[in-house]
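Peer 1: This is the structure, below, for whatever I ask next.
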Amino acid sequence: MSNIKRIGVLTSGGDAPGMNNAVRAVTLAALAQGIEVIGILGGYSGLVKDNVRTLTAKDVSGIVGNGGTALYSDRCHEFKTEKGMAKAVATCKKYQIDGIIACGGDGTFRGATDLSNLGIPTIGIPCTIDNDITSTDYAIGYDTAMNTVIQMIDRLRDTCESHARCNVVEVMGNHAGGIAVQTAIATGAVGCVIAETPIEEDAIIAKINAHKAAGQRSFIVVVSELIPNYADPAFAKRIQDATEVETKFARLAHVVRGGDPTLRDRVTAAKMGARAVKELLGGKSNIVVCEQNGEIVCLDINFAQTADRIYKGKAKPEEIEKYSAEEQAIIMATVEKKQNYFKEMMALADEISG
Ligand code: F6P
């Protein structure tokens, strides 16, 4: 029998469609086990600032179809300080919160590890439109964000077709090109620029010129944000100068983060939320709920964070060496899978670009 009688749930970092579904699933799964649920408002800042409220089934019943997060979100810098963490632990003690489920991205998971180390069992659920958490194939919010992007690009395509124009479209993703490459494929873009693979500016221009010569009127080029010289109107100008096709630049920005969650995000959130409660009540801590090859699995957060840092080139050798040969092989396979994914998707985007 678990010692846990009351759990907290929070959403942190950039909001993601489906966060509400994760909160709802956590709340209902816990209540069904006779566990009380405390909603922590504004991510970790709710713990630091003592801003919490009890959640009932009624509180979460109406949020099933809503984007954003009803628990609000924040990137809380004070929480990263010793003083801030002490306040967070004091809030947990005050409300007798025996464990926490934290929904968010890699920053959220760092906070989860800190809380776990301070004696508050914490479990992470990946929620980020960027889908940039290496240990999970899928993060809640990604599908909704991509569906929003293709709707926006289809609209841009309509007007490009009418006016014989090209549109460079910058999409979110932080440093990950998943949203860009998938939506490029889905919208028949003539080019795609992401950080994971070499940039082929000359090839994109050559393709526009060739398709234009064959009578094509509209062109879309998708660029992932934060790529210097490309996520920039200057890239549109270079295309225009080299092709004589009038070229506009559109930055979709936070539009991509809003909107009602898709079925994929709702169902994944339901599965991950229910699983997180099961693991917490089963005595687990400092793990992240992941999806791998269609299955929901749980990984140690430190292990998941190391895989993430290796993939992002941020890991120091000693961080890797502390794992067994078998664990290192698993991490490297995860990293390679991600790298290959981008190569394959970009090859497909190129093959069927138009
Ligand atoms: O991590 C999600 C994300 O939307 C990124 O795609 C983007 O770079 C960042 O957050 C924007 O953050 P903010 O909401 O602080 O502007």
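Peer 1: Does any residue of the stretch 26-38 turn out to be open to solvent by 10 Å² or more (accessible area, probe 1.4 Å), in a loop (DSSP other than H, G, I, E, B), within 16 Å of the ligand (Cβ to nearest atom) and in the same structural domain as L280 (by TED's automatic domain parsing)?
Peer 2: Within the stretch 26-38, none of the residues are open to solvent by 10 Å² or more (accessible area, probe 1.4 Å), in a loop (DSSP other than H, G, I, E, B), within 16 Å of the ligand (Cβ to nearest atom) and in the same structural domain as L280 (by TED's automatic domain parsing).
Peer 1: What number of residues within the stretch 54-69 are in contact (Cβ under 8 Å) with a residue 24 or more places away in the chain, open to solvent by 40 Å² or more (accessible area, probe 1.4 Å) and within 20 Å of I97 (Cα to Cα)?
Peer 2: 3
Peer 1: As an exercise: evaluate T306 against (1) open to solvent by less than 20 Å² (accessible area, probe 1.4 Å); (2) farther than 30 Å from V222 by Cβ; (3) touching a Gly at 6+ places or on another chain (Cβ under 9 Å) and give the number of the one condition it does not meet.
Peer 2: (3)
Peer 1: Examine the stretch 311-331 for a residue that is within 17 Å of the chain's Cα centre (by Cα) and open to solvent by less than 60 Å² (accessible area, probe 1.4 Å), and state whether such a residue exists.
Peer 2: yes
Peer 1: Quick one: how many residues across the stretch 332-347 are among the polar types (S, T, N, Q) and surrounded by 11 or more Cβ atoms within 10 Å (Cβ to Cβ)?
Peer 2: So the count comes out to 2.
Peer 1: So which residues in the stretch 254-296 are part of a strand (DSSP E or B) and either assigned by TED's automatic domain parsing to the domain that holds I150 or buried (at least 19 other Cβ atoms within 10 Å of the Cβ) (or both)?
Peer 2: I287, V288, V289, C290
Peer 1: Any idea which of (1) in contact (Cβ under 8 Å) with a residue 40 or more places away in the chain; (2) out of contact with any Asp or Glu (no Cβ under 9 Å at 6 or more places or on another chain); (3) more than 16 Å from the ligand (Cβ to nearest atom) is the one R165 doesn't satisfy?
Peer 2: Among (1) in contact (Cβ under 8 Å) with a residue 40 or more places away in the chain; (2) out of contact with any Asp or Glu (no Cβ under 9 Å at 6 or more places or on another chain); (3) more than 16 Å from the ligand (Cβ to nearest atom), the lone unmet condition for R165 is (2).
Peer 1: A follow-up question, please. Read through the list (1) out of contact with any helix residue (DSSP H, G or I) (no Cβ under 7 Å at 6 or more places or on another chain); (2) more than 18 Å from I301 (Cβ to Cβ); (3) not in a loop (DSSP other than H, G, I, E, B), then give the number of the only condition that Y72 fails.
Peer 2: Going through the list (1) out of contact with any helix residue (DSSP H, G or I) (no Cβ under 7 Å at 6 or more places or on another chain); (2) more than 18 Å from I301 (Cβ to Cβ); (3) not in a loop (DSSP other than H, G, I, E, B), Y72 breaks only (3).
Peer 1: Still on this model: Looking at the stretch 3-25, which of the residues that are among the polar types (S, T, N, Q) and away from the ligand (no atom under 16 Å from the Cβ) is surrounded by the most Cβ atoms within 10 Å (Cβ to Cβ)?
Peer 2: Selected residue: N20.
Peer 1: Of (1) over 15 Å from I100 (Cβ atoms); (2) in contact (Cβ under 8 Å) with a residue 24 or more places away in the chain, G34 satisfies all except one. Which?
Peer 2: Failed condition: (2).
Peer 1: Considering only residues that are out of contact with any strand residue (DSSP E or B) (no Cβ under 8 Å at 6 or more places or on another chain), assigned to a loop (DSSP other than H, G, I, E, B) and surrounded by fewer than 16 Cβ atoms within 10 Å (Cβ to Cβ), which ones fall in the stretch 198-216?
Peer 2: Within the stretch 198-216, P198, A214, G215 meet the criteria.
Peer 1: Give me a count of the residues in the stretch 228-257 that are of a type outside the set (A, V, I, L, M) and within 16 Å of the ligand (Cβ to nearest atom).
Peer 2: 6
Peer 1: In addition: Just to be sure before I move on: is G65 within 16 Å of the ligand (Cβ to nearest atom), within 26 Å of G173 (Cα to Cα) and either assigned by TED's automatic domain parsing to the domain that holds N174 or not aromatic (F, W, Y) (or both) in the structure I sent?
Peer 2: no
Peer 1: Only one of (1) in contact (Cβ under 8 Å) with a residue 40 or more places away in the chain; (2) more than 17 Å from G354 (Cα to Cα); (3) not aliphatic (A, V, I, L, M) fails for K237. Which number is that?
Peer 2: All conditions pass for K237, except number (1).
The values are calculated or read from the model by the stated rules, or taken from the named source; none is laboratory data. Everything numeric in this text was worked out from a predicted model, so none of it was measured. All Cβ positions, even for glycine, are placed from backbone atoms using ideal geometry, and neighbour counts span all protein chains on display. Keep in mind that these areas ignore ligands, DNA and RNA; they rest on the heavy atoms of the full protein, side chains included. Shrake-Rupley method; radii C 1.70, N 1.55, O 1.52, S 1.80 Å.
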